[in-house]
Amino acid sequence: MNITQHNAVTIHYRLTNQQGELLESSFEMEPMVYLHGAQNLIPGLEKALEGKVAGDVLDVTIDAEEAYGPYHDGLRQEVPLAAFGDIQDIVPGMRFVAETEMGQRPVQVTEVLDDTVIVDGNHPLAGQALNFHVEVMDVRAATEEEIAHGHIHSHGGCGGGGCGGHGECGDNEEGCCGGKEEKQGCDSHGGCGCH
């Protein structure tokens, strides 16, 4: 079966940057399962997988525009320490959700000064071309429920491990991911093309 819209696709992947540094790999873990055509992957990776079949192996470089987009200097801001309320011990790498003119936006602390904190609303991989080594393990038709929910359900939950999931699974199968419908990345990079 070829990978097309509304297929459940299982892949193993290795993600490196342009310097060849390994950013993430699923080969030592469970493979990633995602719903093709539901914007669960970065656009360039999803395009590269279109039409592939189980057993296919591909190496592809995704330009920044088709990955996490260009880096925007305007998304890096200096915020008064007082804006963090009573949160103690703010350190670089911490993530928060900030209220902006465009609604809520995730930001990461990049620097802590005496009275201010530098936060960055760019994705950690914004502005970078990414190299993927992908092995297609399985392709099947998604269920009507998976299509309606926009993500794959597996083992009584959702997401299928790895970063193909739409959100973290809860114990409540009735509400699918326990009512959580946030897209997320796998690790500090949000890698593997999760969108």
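The values are calculated or read from the model by the stated rules, or taken from the named source; none is laboratory data. Since we're looking at a predicted model, the values are computed, not measured. Cβ atoms come from the backbone with ideal geometry, glycine included; neighbour counts cover every protein chain shown. Areas reflect the complete protein model, heavy atoms only, side chains present, ligands, DNA and RNA absent. Shrake-Rupley method; radii C 1.70, N 1.55, O 1.52, S 1.80 Å.
To the nearest 20 debye, what is the magnitude of the charge dipole of segment 1-72 about its Cα centre, counting +1 on the Cβ of each Lys and Arg and -1 on the Cβ of each Asp and Glu? Don't skip to the answer; put the middle values down first.
On the way: 3 positive and 11 negative charges, 38 e Å.
Its charge dipole is roughly 180 debye.
Out of H6, M29, A82, whose Cα points farthest toward the positive end of the dipole of segment 4-122 (charges: +1 Lys, Arg; -1 Asp, Glu; placed on Cβ)?
Looking along the dipole axis, the top candidate is H6.
Taking the Cα-to-Cβ direction at R76 and at F27 and moving 7 Å from each Cα, how far apart do the two end points lie in nm?
It is 3.3 nm.
At 0.36 nm per residue, minus the direct Cα-Cα distance, what do A98 and A83 gain on full extension? Give it in nm, one decimal, please.
Working: separation 15, 0.36 × 15 = 5.40 nm, distance 1.00 nm.
Full extension of this stretch gives 4.4 nm more.
For segment 1-155, what relative contact order do you get, as a whole percent, if you take Cα pairs closer than 8 Å and at least 6 residues apart?
Relative contact order, segment 1-155: 36 percent.
For M1, what accessible surface area do you get with a 1.4 Å probe? Give it in Å², rounded to 10.
Estimated to the nearest 10 Å², M1 gives 130 Å².
Identify the GluC sites (Glu not before Pro) of segment 101-157 meeting these criteria: DSSP loop state and at most 15 other C-beta atoms within 10 Å of the C-beta. Could the numbers behind the result be given before it?
On the way: sites: E101, E111, E135, E144, E145, E146; in loops: E101.
Taking segment 101-157 and a limit of 15 other Cβ atoms within 10 Å, the loop GluC sites (Glu not before Pro) found are E101.
Just order 40-50, 18-28 by mean Cβ neighbour count inside 10 Å, highest at the front, would you?
Taking the mean over residues of other Cβ atoms within 10 Å, the ranking is 40-50, 18-28.
Report the charge-dipole magnitude of segment 1-146 in Debye, nearest 20, computed about the Cα centre from +1 at each Lys and Arg Cβ and -1 at each Asp and Glu Cβ.
Computed charge dipole of segment 1-146: roughly 340 debye.
How would T16, T110 rank on accessible area, largest to smallest, probe 1.4 Å?
Largest accessible area first, the residues go T110, T16.
Say each of N17 and D138 gets a label point 7 Å from the Cα, pointing the same way as Cα to Cβ; how far apart are those two points in nm?
Simple spin-label model gives 3.4 nm for this pair.
Have a look at G121, A98, H133 and report the one farthest towards the positive end of the charge dipole of segment 92-133, computed about the Cα centre with Cβ charges (Lys/Arg +1, Asp/Glu -1).
H133
Leaving out ligands, DNA and RNA but keeping every protein chain, what accessible area does H72 have, in Å² rounded to the nearest 10, with a 1.4 Å probe?
Using a 1.4 Å probe on the heavy atoms, I get roughly 100 Å².
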